[in-house]
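Step one of this worksheet: look at the structure below.
The values are calculated or read from the model by the stated rules, or taken from the named source; none is laboratory data. The model shown is predicted, which means the values in this text are computed figures rather than measured ones. Neighbour counts run over all protein chains shown; Cβ positions are idealised from the backbone, glycine included. Heads up: the accessible areas ignore ligands, DNA and RNA and are worked out on the full protein's heavy atoms, side chains in. Shrake-Rupley method; radii C 1.70, N 1.55, O 1.52, S 1.80 Å.
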Amino acid sequence: MSRVYNFSAGPSVMPEEVMKIAQNEFLDFKGIGSSVIEISHRSKDFVAVAQEAEQDLRDLLKVPDNYKVLFMQGGGRGQFAAVPMNLLVGSNKADYITTGNWSKDAFKEAQKYGDVAEIKADYRDEENKIRVNTDFKIRDDVDYVYYCANETVCGVELFDLPKVGDKMLISDVSSEFLSKPMDVSKFGLVYAGAQKNVAPAGLTIAIVRDDLIGRAMKCCPSIFDYKILADKDSMFNTPPTFCWYMAGLVFKWLKQLGGLEAMEKINIEKSAYLYDFLDSCDFYNTLVAKEFRSRMNVPFFLKDEALNDKFLAEAKANGLTTLKGHRVLGGMRASIYNAMPMAGVRALVEFMDKFAKENA
Ligand SMILES: *Cc1c(COP(=O)(O)O)cnc(C)c1O
């Protein structure tokens, strides 16, 4: 069977080159006679994989030396709890800028741990498009300000950092991680669930500034305590070795491509191609105001929603899958992460154009 263009929001498409490398060395990893998933995480062969992956990630993101890179489990939602348990420990206050489903859920979870306030920043403009209010009022004595850089469900991406004065910023970058360069030094901590843009599900990467490590609440489970993870090189408990290995292959793939500047260029091109088509075609509606349109997740709607099932069935027949929108939003969503080639976006636009003409 041939591979389709898969627009899944997560777990999502992986680079074909990476999948082939993994396939080729799956049974016998570098001549050791075992698979990389069959060996101890403490063996020298796996430790080499782990260290190389971390170094490649540091190179890609130019992670400053005073930040630790942690390879964790528990997903994005695990960090919804880990962040407050580790960082809500001064005034016990934090402000959460909410711009969609994921930041709202993070806010709800954090409320369990302290005095957490919501700054609802998304709204609908006069054309009924989602916009984000960037004029925030932050409380004086908060431990941190939290936001989500790219809202995966509604496709809202913030291209500028929220203006929070001297307050510490924490960001959930799950669905835009490694899609473009990022200045890690502007954050106390960023984290990303790997299953969107990096690796199979099961790995969460957190990048934490040194001085924030070692302050966790007593109630914080050891596996979520950044200090324990940092002290043990993310091997306090058995890490998700397969995901870590796959992430390492993806980091190498990104380096070979020219790094995150090159990746960003491609992502700008891909997303512009799709949004330009959507703007030019009366048959479809978009959801988000131009300045906040995600380069990774592109929600769109057929003006005649009665055609949704037909659209999805014909798309699938044309090798274009997982375009159905998130259940809370309906409509369609095309996730076009790093691993989606331009050819996939072209094929999608070609199909959508044909479908519009045939059903107008
Ligand atoms: C998918 C996602 C999450 C949740 O990740 P899980 O690993 O399923 O817990 C959190 N935040 C963002 C932005 C996401 O896209």
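Overview of values
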read-out: Residues of region 163-210 classified as part of a loop (DSSP other than H, G, I, E, B) and either touching a strand residue (DSSP E or B) at 6+ places or on another chain (Cβ under 6 Å) or within 12 Å of the ligand (Cβ to nearest atom) (or both), total; value: 20
read-out: Residue ID - nearest to the ligand (Cβ to nearest atom), chosen from residues in region 63-96 that are touching a residue at least 60 places away in the same chain (Cβ under 8 Å) and in a loop (DSSP other than H, G, I, E, B); value: Gly74
read-out: From Ala230, Ala192, residue being in contact (Cβ under 8 Å) with a residue 40 or more places away in the chain and under 23 Å from Leu257 (Cβ atoms); value: Ala192
read-out: Flag if Gly214 is closer than 28 Å to Met168 by Cα and crowded, with 21+ Cβ neighbours inside 10 Å; value: no
read-out: Number of the condition not met by Lys354 [criteria: (1) within 18 Å of Glu157 (Cβ to Cβ); (2) free of Cβ contacts under 8 Å to residues at least 12 places away in the same chain]; value: (1)
read-out: Selected residue (only one of Thr204, Thr238 is open to solvent by 10 Å² or more (accessible area, probe 1.4 Å) and of a type in the set (Ser, Thr, Tyr)); value: Thr238
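Matching residues to (1) open to solvent by 90 Å² or more (accessible area, probe 1.4 Å); (2) over 19 Å from the mean Cα position of the chain (by Cα); (3) free of Cβ contacts under 8 Å to residues at least 60 places away in the same chain:
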{"site": "Val4", "(1), (2), (3)": "no, yes, no"}
{"site": "Asp28", "(1), (2), (3)": "no, yes, yes"}
{"site": "Gly33", "(1), (2), (3)": "no, yes, yes"}
{"site": "Ile37", "(1), (2), (3)": "no, yes, no"}
{"site": "Lys44", "(1), (2), (3)": "yes, yes, yes"}
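Rundown of residues vs (1) among the aliphatic types (A, V, I, L, M); (2) within 16 Å of the ligand (Cβ to nearest atom); (3) assigned to a strand (DSSP E or B), yes/no style:
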residue	(1), (2), (3)
Val116	yes, no, yes
Ile119	yes, no, yes
Glu126	no, no, no
Arg131	no, no, yes
Ile138	yes, no, no
Asp141	no, no, no
Tyr146	no, yes, yes
